[in-house]
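Below is one structure; the comments refer to it alone.
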Amino acid sequence: MAAPGGNANEEVQPSAPPAAWVSGNPPSYNAVSQQNQLYPTISRRDQFVESLQTAGGAVGRWFGVAGDDQMETAGWQRTGTLPREAARSYTVLPQQDPDDYPPPGPAVELGNRRRDGGETTESAGAGARRGRGRRGMDRLAATLTLQRRRKPSSRAEVEKTLPKFWPVATVLVAIAELGLLTALLVQNGFAPISFNPRIVNDVIEGFGNYSEFVTRHDVPNFFIGPSGSSLIHAGAKYTPCMRDNVQFRVDAAQDRAEENSLRCCLGPPVSRPQCGMLPQGVCTVMYENSVVLGGESVCQAEMNNTEYCTGGVVLHPCCVGLLGDCVVTTEENCTFHKGHWHPDKLLCSEVSTQCFKDICELTWSAPGRRPQQGVRFLSAIFLYEGIIHWILIALFKIPVMWKIETRISWLRVTLIYVLSGIGGYVVSGIFEATSLSVGGSGSLFGLFGVLLVELLQGWRWVRRPCVELLKLCIFIIFMLALGLLPYIDNYSQIGGFLVGILSSFIFIPYITLGKWDRAKKLCLILTAVPLILAFFLL
């Protein structure tokens, strides 16, 4: 339709919104020209293809497929139609110009396309519907883009904002362990360095001035370190020194029953005859011309007043070995076997408790009335069997502990290290009633537990997580194989691993990604606290 006073084919250039958009009446001038200027006419096929491209790009940007340069949307795109309900539920990009959209007006009846003289015409209502469709699709893409921008940062980006700590505890623990090992070697010397026990033979003067051939088996230490008794005196984990053992009380009762057959025996008549408590058959058969004087009371009297035994009572209890074994023998024989001789006692039943006190005596602490030394749970963590043992543990412990401490501070890593070591020795004390254990392998396994928890929780953030998990498994298998060697037990390592996992839930600071993630990790903490308390109490 031509404008008044002009050519019929002349198109009117709109300088302002048509009155039909305001009043809601159909357009009274060339709507085709007006519509083509605002929204170029495209075919339905092109419109459908362009809609699919825009929707696919938005979904790709949401899943991170599109590059960052494709995430910015310059203005609104001509993408097709969208229902009115969907158009009202999305927001507009900040860089879009609201003036580019047709002004919203009252409800306009949707017109139909028609062909007139080979030209495509379209009503104002159809144009408004197409505008609303384009705005809806653009708002959908805008919302997806904004959500993509609000996606949580990567682990590396978050870790850059976290504070870094100096590995103070790692260095101090390594220095303290090496210093204790050096002091122990200086004070007690080295045990025999071998893989097989060393047999030592000697001839000593025994009861009745008879010569005796004696043999001793020295337990070697191929880790190049002190003997087992030296480690016990220094504070190693040794269950008989930490709690009462029913089997030991049964053995002591059997020894007292066997002592009923002992008699005070006067040795062969020489210049200075000797006395001692021996079985009657041994006294009269093995030692010629020996005489049984009587029971225990006679030898006890001879200890105070030598009437018959001018050479004195020479047989007394001797505590030998790490299990509190006792034998009645001479002082020279007891010294040869590296035992503790009690010259004021006659029978082993009198020193059954004292034997454990002699073995469990700590060089840096006064012995208590009962051998319940729970401090060994802590002191054993910082003691090592030898130089090689310390090196093997340090090769794994220092890098792992260094890495963890720089992230969570010295206090948290110290708590995890100590609790894991104590928990490991608690388990070892239950299943290994007579074993001797030292070293920080249980604490090391606690650190392995921390690494496992961090790896599983940040699996999607870790580069090549399967490789990291494989390396951790190799380390664990190697340490379990090392636990088959003397003075290292796998029970302490397994217990330390479990305590390390529980401790990591409590002491490791979390990177939470939303309310749900925060609630999930809070539940883990509330579950780990009673579990670790029950572990130590039960």
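The values are calculated or read from the model by the stated rules, or taken from the named source; none is laboratory data. The shown structure was predicted, so the numbers you read here are calculated from the model rather than taken from an experiment. Side chains included, ligands, DNA and RNA excluded: accessible areas come from the protein's heavy atoms. Shrake-Rupley method; radii C 1.70, N 1.55, O 1.52, S 1.80 Å.
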Next on the checklist: Once you keep just the Cα pairs under 8 angstrom separated by 6 or more residues, what percentage relative contact order results for the stretch 373-491?
Outcome noted: 32 percent
Checklist outcome for this item: With all protein chains present, the stretch 258-362 has a carbon and sulfur share of its accessible area (1.4 Å probe) in percent of 49 percent
Next on the checklist: Over 18 Å between Cα atoms: which of Lys397/Lys471; Lys237/Lys357; Lys471/Lys521 fall into that group?
Outcome noted: Lys471/Lys521
Item to check | Solvent-accessible surface (1.4 angstrom probe) belonging to Leu322, in square angstrom, nearest 10 | outcome: 60 Å²
Next on the checklist: With a 1.4 Å probe and all protein chains kept in place, how much accessible area does Arg256 have, in Å² rounded to the nearest 10?
Outcome noted: 110 Å²
Checklist outcome for this item: For the stretch 260-348, dividing by residue count, accessible area per residue (probe 1.4 Å) in Å² works out to 51 Å²
